[in-house]
Amino acid sequence: MSAERTRIAVAAGDGTAGYDVHIGRGLLDELGDLVVAAAPAVRRWVVISDENVGELYGERACAAMEGALHVPTPLFTFPAGEQHKNRHAWAGLSDALLGEGLGRDG
């Protein structure tokens, strides 16, 4: 990893495997490669974001995923703001994921 990039290993509090946080310039365009390296068995992905972040970065994130996976990677958004992080928004995202044909393997 170059000096301009940092990887932080985050341990899970319950003893299960944790995850890595990558920080650095240009990582959005490498998103697909990072995701494939972290979960090589998963073959279908989606990008989920609030509308504000999705508008700014969603297209690039999906393109990076599609470049690494060679399959379409849809973008799902929900309204921005803490008030939208609720059961109703989750149900809408769940319905959208099911409508896309994603199951537990996605």
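The values are calculated or read from the model by the stated rules, or taken from the named source; none is laboratory data. All of these numbers come straight from a predicted model, not from anything done at the bench. When we count neighbours, we look across all protein chains shown, and the Cβ atoms used for this are built from the backbone with ideal geometry, even at glycine. Calculation scope for accessible area: heavy atoms of the full protein, side chains included, ligands and nucleic acids excluded. Shrake-Rupley method; radii C 1.70, N 1.55, O 1.52, S 1.80 Å.
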Quiz item: Checking residue 89 against (1) farther than 24 Å from residue 28 by Cα; (2) open to solvent by 30 Å² or more (accessible area, probe 1.4 Å), which test does it fail?
Solution: (2)
Exercise. Would you please name the residue that is modelled with the lowest pLDDT, looking only at residues in the stretch 58-73 that are within 17 Å of residue 100 (Cβ to Cβ) and crowded, with 17+ Cβ neighbours inside 10 Å?
Key: 69
Self-check item: Number of the condition not met by residue 77 [criteria: (1) polar (S, T, N, Q); (2) touching a strand residue (DSSP E or B) at 6+ places or on another chain (Cβ under 6 Å); (3) open to solvent by less than 50 Å² (accessible area, probe 1.4 Å)]
Solution: (3)
Practice problem: Within the stretch 3-24, identify whether any single residue is in a loop (DSSP other than H, G, I, E, B), open to solvent by 40 Å² or more (accessible area, probe 1.4 Å), at pLDDT below 90 and of a type in the set (Asp, Glu), and answer yes or no. | Solution: yes
Exercise. Return yes when residue 38 is free of Cβ contacts under 8 Å to residues at least 40 places away in the same chain, at negative phi and open to solvent by less than 40 Å² (accessible area, probe 1.4 Å) and no when it is not.
Key: no
Quiz item: Which condition number does residue 97 fail, the rest of (1) in contact (Cβ under 8 Å) with a residue 24 or more places away in the chain; (2) open to solvent by less than 50 Å² (accessible area, probe 1.4 Å); (3) assigned to a loop (DSSP other than H, G, I, E, B) being met?
Solution: (3)
Exercise. Taking residue 28 as meeting all but one of (1) in contact (Cβ under 8 Å) with a residue 24 or more places away in the chain; (2) touching a Lys or Arg at 6+ places or on another chain (Cβ under 7 Å); (3) open to solvent by 70 Å² or more (accessible area, probe 1.4 Å), write down the number of the exception.
Key: (3)
Exercise. Quick one: count up the residues across the stretch 76-90 that are free of Cβ contacts under 8 Å to residues at least 12 places away in the same chain and within 23 Å of residue 65 (Cα to Cα).
Key: 1
